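The values are calculated or read from the model by the stated rules, or taken from the named source; none is laboratory data. Values in this document were obtained by computation on a predicted structure and should not be read as measured data. Here Cβ is always computed from backbone atoms with ideal geometry, including for glycine, and neighbour counts include all displayed protein chains. Surface areas here come from the heavy atoms of the whole protein model, side chains and all, with no ligands, DNA or RNA. Shrake-Rupley method; radii C 1.70, N 1.55, O 1.52, S 1.80 Å.
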Amino acid sequence: MHAQRWRTSLRGWGGVGAMAVVCALATLLVLLLPLTQTPAQRDGSTGIGGQGVAEGTQARAEACEDNPQDLSLSPSLAEGPAIEAIKKRGHLSVGVDQNSYRWGYRDPNNTDTDVQLEGFDIDLARRIAQELLGDPDKIRFKAIPTNQRVPAIQSGQVDMVVRTMTITCSRLEQVDFSAPYFVTGQQVLAPKSSPIKGYDESLADQRICSADGSTAYEKLDADKKSGELPASADISLTVPNQLDCLVRLQLGEVDAVVTDGALAASQAAQDPTVTLKGDTFTTEYYGVAMKKGADDLVRRVNRILEDYRKDGGWKRSYDNWLSATLGSNSDSATPPIPKYT
């Protein structure tokens, strides 16, 4: 969320002058507005205007602060330039992780000569390919580190990223997201023998690892500046890939890892000497990230997610990959209910 851890407002302006002049100008503006607006402005997207526009944009920014996961576009089967380009190419390009156990990884115990990527995120990516192109194998995976998820989308290296990526306001300024497909929260991972109890004062004088560009690091940095995290906690070590933190922990180079609880649980399943410490201390939603302006693709992915939840595909994937580590009664065991703009 990771990694692999989304606010813009427009300022209104208005004229000054005699009341009669203002009224006349206002009347003229009402008559001319439909002719002078661009299509984007007519449908309420962007543009600089009067006080109403400023207030509307500010309201959207405030809504993002509280619920960035609720700002995706409504589902649709309509096709546009983004989907047409994918169909013309003949395959879907997806940025994924290949090192996150049960999310996106290659099973080291698989003796096949051609070991395929598998996991919860991989299942979703294949479902999207199936719905868009009629074949789950018409997909090309590109392994990308946590801190390269946004650049990979912006540069066109991939059509989308399905990689435990949290929807945030700052990221929404750079990429577009689907509705959420998973809910989790930040949590502390540390050796079982560690005196660390959770995200609290027990982190004083401890070395904490997080992934560069992750919401985990953003939270650590903000809390240290605000005094909510002990001043003596060392958060200086960041790594490109979240799994690298587990390696640093195993080597004794750090005392704790902060990452999404869903990922931390999978890492604890890989290494019996470490465990989750304390409860989750944030609420975060994973979304499929896509290029800004690819509205037709965003809407289609949201349609696919609706079907994925309703036909049991999501639940089957969860039971297969995640129930062993997260359980069947946790908040994560049920897909989040989407809301749309």
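May I ask you to list the residues of the stretch 135-159 whose amide nitrogen lies under 14 Å from a point 7 Å from Cα along the Cα→beta-carbon direction of residue 292? Residues 150-156 qualify, since their backbone N sits under 14 Å from the label point. Got a number for carbon plus sulfur as a percent of the stretch 281-329's accessible area, 1.4 Å probe? With neighbouring chains kept in place, the figure for the stretch 281-329 is 43 percent.
Label-to-label distance for residue 116 and residue 88 is 2.9 nm, based on points extended 7 Å past Cα in the beta-carbon direction.
Placing dummy labels 7 Å off each Cα toward the beta-carbon, the span from residue 76 to residue 307 is 1.8 nm. Of all lysines in the structure, those lying under 21 Å Cα to Cα from residue 88, and not within fewer than 8 positions of it along the same chain, are 138, 142, 291, 292.
Ordering of 238-248, 186-196 by packing is 238-248, 186-196, highest average first (other Cβ atoms within 10 Å, averaged per residue).
In this structure, residue 137 and residue 173 have a Cβ-Cβ separation that, at R0 = 51 Å, corresponds to a calculated FRET efficiency of about 0.90. Between residue 323 and residue 106, the FRET efficiency from the beta-carbon distance, with R0 = 22 Å, is close to 0.55. Per-residue packing, averaged as other Cβ atoms within 10 Å, sorts the ranges 221-228, 276-283 into the order 276-283, 221-228, beginning with the highest.
Any aspartates and glutamates with Cα under 17 Å of the residue 87 Cα? List them, leaving off those in the same chain fewer than 8 positions away. The qualifying aspartates and glutamates are 79, 131, 135, 137, 159, 295, 296. Per residue, the solvent-accessible area of the stretch 95-224 (1.4 Å probe, heavy atoms of protein chains only, all protein chains present) comes to 39 Å².
Measuring nothing but protein heavy atoms, the accessible surface of the stretch 140-181 at 1.4 Å probe radius is 41 percent carbon and sulfur.
Relative contact order (percent) for the stretch 81-144, with alpha-carbon contacts under 8 angstrom and 6 or more residues of separation? That works out to 40 percent.
Within the straight-line cut-off of under 26 Å between alpha carbons, the lysines reachable from residue 277 are 192, 197, 219, 224, 225, sequence neighbours fewer than 8 places apart in one chain being disregarded. Using a simple spin-label model with pseudo-atoms 7 Å out from Cα toward Cβ, residue 315 and residue 226 lie 3.7 nm apart.
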